[in-house]
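Taking it in order: structure first as structure tokens, then the write-up.
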Amino acid sequence: MRFARALTVAALALAVAGCEKKQEPAAAGKQQAAAPAADTILIGHVASLTGEQATFGESTDNAIKLAISEANANGGVKGKKLALKTYDDQGKPEEAAVAATRLIVQDKVAVLLGEVASSRSLAIAPIADTNKVPQISPTSTNPRVTKDGDKTRPYVFRVCFIDPFQGTVMAKFAHENLKLKRVAILRDVGNDYSVGLADYFSAKFKELGGEVVSDQSFKAGDQDFKAQLTAIKNKNPQLIYVPAYYTDVALIGRQARELGFKGPLAGGDGWDSAKLYEIAQGALDGSYFSNHYTHENPDPRVQNFVKKYKDTYGSVPDALAALGYDAALVAIDSMKRATDLTGPAIRDAIEKTKDFHGVAGNITLDENHNAVKSAVVIGIEKNTPKYVTTVEP
Ligand code: PHE
């Protein structure tokens, strides 16, 4: 069902691209006018700047802007300046597909950055491939994002780890560090990332000898989770794994406490937002989530980035910011190394990315166009995230 939906969205986007050309005879002229000036390289970004995951898009876009202004201050790429065009997808896969098509067909971007969320990257990926414009996702962790069936998508890349690893990290942490035997899962069934991560966590936790006593579902945007949480509580789990995005997670945390559940909740990178704490109001204290990076890392590379980001935007960069920055750096570095600035040449250069020093770890792209990297576990104390440990792949 999920696969079918991704296909439908892709087909829709291709149809939109086709329609634009057919319906508007003047489109060719217009498109030319919209194309970047000869001395400018345009980078496209598809982001959730509004909606329930607005902080994802904001953080990523802020960091990409920082990377681009630094690259321009250092002379740009091949004698050209870089410019950024960002479209808001409101957190919707179908809007992400439309935005990607527009960036490619109308704005003629050299590279696409985004999306951060797997369901939306899955909607964009076939469009990048068809149009031969490279796509780099900063943080989409579902393994299928870079795959077309068994085949690696030639134009789709990511600079982060994937969920079979991320699910294992928290399953092991729950079983080995927290010494828990009985857990429950509450998953967002409309979200490829959530479903995938729930499955990987569940498989690993059982493999380690643990028991998944309840596995419940919801849909993003639901306000009332009490029925599922009551069913979960009746099975008496020691932990509830909620691999979802921050708005839903925070509400789930509050309602779990209202129902008297005292144990930890746990999740993945989708928890990472300042809004999580604002909405949860302490309900997630004692909980844990896996993530890509921590701003507490004393590495000067990280601390320089944290300082620059804070000076520019007035807040501590989250993992979305760190990886948005890294995705932009990899795009820029690849364009410098590319034999020319066509999609295929940039693609070839991205594919050769090796031991690139990003702020969220070193990036070497494997044959599936994924980066193999360590994860961190973050604990929540007094409604504040605190680094707990690093887990190597
Ligand atoms: N990994 C999530 C996904 O694939 C997106 C995400 C990454 C969200 C990092 C928050 C922080 O959907």
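Tabulated results
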item	result
Top-ranked residue in the stretch 289-307 [being within 15 Å of the ligand (Cβ to nearest atom) and touching a residue at least 40 places away in the same chain (Cβ under 8 Å); ranked as surrounded by the fewest Cβ atoms within 10 Å (Cβ to Cβ)]	Thr294
Criterion violated by Ser334 - all others in (1) assigned to a helix (DSSP H, G or I); (2) farther than 24 Å from Ala83 by Cα satisfied	(2)
Among (1) surrounded by 24 or more Cβ atoms within 10 Å (Cβ to Cβ); (2) under 24 Å from Gly314 (Cα atoms); (3) within 16 Å of the ligand (Cβ to nearest atom) - the single one Ala67 does not satisfy	(3)
Every residue from the stretch 219-228 that is open to solvent by 50 Å² or more (accessible area, probe 1.4 Å) and either more than 20 Å from Ala117 (Cβ to Cβ) or within 16 Å of the ligand (Cβ to nearest atom) (or both)	Lys219, Ala220, Gln223, Asp224, Lys226, Ala227
Residue ID - nearest to Asp192 (Cα to Cα), chosen from residues in the stretch 125-142 that are in contact with a Gly (Cβ under 7 Å, 6 or more places away or on another chain) and within 14 Å of the ligand (Cβ to nearest atom)	Asn142
Residue match in the stretch 250-263 (condition: touching a Lys or Arg at 6+ places or on another chain (Cβ under 7 Å), assigned to a helix (DSSP H, G or I) and surrounded by fewer than 22 Cβ atoms within 10 Å (Cβ to Cβ))	yes
Scan of the stretch 217-239 for residues that are closer than 18 Å to Ala171 by Cβ and touching a helix residue (DSSP H, G or I) at 6+ places or on another chain (Cβ under 6 Å), ordered by number	Leu239
Among residues of the stretch 353-387, those that are crowded, with 16+ Cβ neighbours inside 10 Å and within 23 Å of Ala274 (Cα to Cα), counted	12
Matching residues, the stretch 137-153, being over 16 Å from His292 (Cα atoms), in contact (Cβ under 8 Å) with a residue 60 or more places away in the chain and open to solvent by less than 20 Å² (accessible area, probe 1.4 Å)	Thr146
Number of the exception - Lys310 against (1) open to solvent by less than 70 Å² (accessible area, probe 1.4 Å); (2) assigned to a helix (DSSP H, G or I)	(1)
Arg254 being in contact (Cβ under 8 Å) with a residue 12 or more places away in the chain, charged (D, E, K, R) and over 19 Å from Ser119 (Cβ atoms)	yes
Residue satisfying all of: in the stretch 104-124; within 9 Å of the ligand (Cβ to nearest atom) and of a type in the set (A, V, I, L, M); farthest from Asp39 (Cα to Cα) among these	Ala117
Enumeration of residues in the stretch 91-148 that are of a type in the set (Gly, Ala, Ser), part of a helix (DSSP H, G or I) and within 25 Å of Leu341 (Cβ to Cβ)	Ala96, Ala97, Ala99, Ala100, Ser121, Ala125, Ala128
Output for the stretch 364-393, where each listed residue is among the charged types (D, E, K, R), more than 14 Å from Lys172 (Cβ to Cβ) and more than 16 Å from the chain's Cα centre (by Cα)	Asp366, Glu367, Glu381, Lys382, Lys386
Hits in the stretch 79-90 (condition: open to solvent by 10 Å² or more (accessible area, probe 1.4 Å) and in a loop (DSSP other than H, G, I, E, B))	Gly79, Gln90
Filter result (under 23 Å from Tyr293 (Cβ atoms) and of a type outside the set (Val, Ile, Thr)) within the stretch 103-133	Leu112, Leu113, Gly114, Glu115, Ala117, Ser118, Ser119, Arg120, Ser121
Residue match in the stretch 229-252 (condition: among the basic types (Lys, Arg) and within 16 Å of the ligand (Cβ to nearest atom))	no
Selected residue (criterion: surrounded by the most Cβ atoms within 10 Å (Cβ to Cβ)) from residues of the stretch 161-208 that are more than 15 Å from the ligand (Cβ to nearest atom) and in a strand (DSSP E or B)	Val183
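The values are calculated or read from the model by the stated rules, or taken from the named source; none is laboratory data. Worth saying up front: this structure is predicted, and the values here are computed from it rather than measured. Glycine also receives a Cβ, built like all others from the backbone with ideal geometry; neighbour counts cover every protein chain displayed. When the accessible area is computed, the model is the full protein with side chains, heavy atoms only, and any ligands, DNA or RNA have been set aside. Shrake-Rupley method; radii C 1.70, N 1.55, O 1.52, S 1.80 Å.
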